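The values are calculated or read from the model by the stated rules, or taken from the named source; none is laboratory data. A quick note: this is a predicted structure, and the numbers were derived from the prediction, not measured. Cβ atoms come from the backbone with ideal geometry, glycine included; neighbour counts cover every protein chain shown.
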Amino acid sequence: MQHQQLYTTLNNGIQMPLLGLGVYDMYQQEAEQAVSWALETGYRLIDTAAMYNNETEIGNAIRQSLVQRSDIFVTTKVHNDDQGFDPTLRAFDKSLQNLRIDYIDLYLVHWPIRATRKETWLALEKLYSEGRVKAIGVANYLIPFLDELQTYNSIVPAVNQVELSPYLFDKDLVEVCQNRKIQLQAYTPLVRGLRMNDPKLLAIATQYSKTPAQIILRWAIQHGISSIPKSANLKRLQENFNIFDFHISPENMSFLDGFNENLRVVEDPMDLF
């Protein structure tokens, strides 16, 4: 039995599902099939990016789905090569064209590229103020990037999507985002499987009769953090979604919070600062 998806209200009042599907490194038929299965399973947030080269397939799956477009939250991101003011506006049009959907729910600056991140953000503000996108945000913005953004933005990002897991748990970033009303979203929350055999994690999973992946995803949700685990496997997709029927105790949440080992599986954004 699938339980109800949980939602968060972004700082501009729109609703976003807390759990979504990330489609990084999925191509052609695999990408399309994964999104179709995800929507059938109950996922309502699909996260892609121009850089992933699969917007066309993602759009196909969304249009072919029996789920109403208004019930699906679609995120895409501006490619690093397309950053800058005018190039970003063109890149947005191209993403919309590739997806072949009427609108994009959330548009993100994919990486904080030093030379172009300011102009890129200002382009996103223009898209938003013209009503061309429902929400705008950033990805891979650690605290120094968010502080810098505050010196020129007139719109607070609705979302900040970063690499985050119990093994990379930046409490300061969580706090800053909460204080500034920026919804934090975790990508690679399952650490690409690297810690699924951690005895500490397995002990908690056993306690709740859940898988290690389900424990990690539930942990994020209880922190109010959105997460977008990636899977193209139907069984895995269903397993990752099946996290709405249990609750991790405060003691176990604190225990999981202590797993941090600054384990990154993706580049460190600070290398760009």
| said: If Q33 satisfies all but one of (1) within 18 Å of D71 (Cβ to Cβ); (2) modelled with pLDDT of 95 or more, what's the number of the condition it fails? | reply: (1)
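Yes/no matrix, rows are residues, columns are (1) at pLDDT 95 or above; (2) of a type outside the set (G, A, S); (3) under 30 Å from L127 (Cα atoms):
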| site | (1), (2), (3) |
| --- | --- |
| I155 | yes, yes, yes |
| P166 | yes, yes, no |
| F169 | yes, yes, no |
| A186 | yes, no, yes |
| L202 | yes, yes, no |
| L234 | yes, yes, no |
| F241 | yes, yes, no |
| F246 | yes, yes, no |
| message | Being of a type in the set (G, A, S), under 20 Å from V74 (Cβ atoms) and touching a residue at least 24 places away in the same chain (Cβ under 8 Å) is the filter here; which residues of the stretch 130-183 pass it? | response | A135, G137, A139, A158
| remark: the stretch 165-273: helices (runs of 4 or more DSSP H) wholly inside it with 3 or more residues that are surrounded by fewer than 18 Cβ atoms within 10 Å (Cβ to Cβ) are 171-179, 199-208, 234-241, 250-257
| query | Among the listed residues T76, T120, T88, which satisfies the condition of being β-branched (V, I, T), modelled with pLDDT of 95 or more and under 19 Å from P17 (Cα atoms)? | reply | T76
| field | Qualifying positions in the stretch 148-164 - in a loop (DSSP other than H, G, I, E, B) and either surrounded by fewer than 18 Cβ atoms within 10 Å (Cβ to Cβ) or of a type in the set (A, V, I, L, M) (or both) | value | Q150, T151, Y152, N153, S154, I155, V156, A158, L164
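Results for (1) within 19 Å of T56 (Cα to Cα); (2) assigned to a strand (DSSP E or B), shown as yes or no for each residue.
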{"residue": "S95", "(1), (2)": "yes, no"}
{"residue": "L127", "(1), (2)": "no, no"}
{"residue": "K134", "(1), (2)": "no, yes"}
{"residue": "L146", "(1), (2)": "no, no"}
| request: For the stretch 47-71, enumerate the residues that are crowded, with 21+ Cβ neighbours inside 10 Å and either at pLDDT below 95 or not in a helix (DSSP H, G or I) (or both). | output: D47, T48, A49, N54
| remark: L96 fails exactly one of (1) surrounded by 18 or more Cβ atoms within 10 Å (Cβ to Cβ); (2) in contact (Cβ under 8 Å) with a residue 24 or more places away in the chain; (3) among the aliphatic types (A, V, I, L, M), namely (2)
| task | Just give me the residues in the stretch 1-33 being crowded, with 20+ Cβ neighbours inside 10 Å, over 15 Å from F73 (Cβ atoms) and under 16 Å from the mean Cα position of the chain (by Cα), in sequence order. | result | M26
| task | Could you tell me which numbered condition E119 fails, if it satisfies all but one of (1) part of a helix (DSSP H, G or I); (2) within 24 Å of E267 (Cβ to Cβ); (3) touching a strand residue (DSSP E or B) at 6+ places or on another chain (Cβ under 9 Å)? | result | (3)
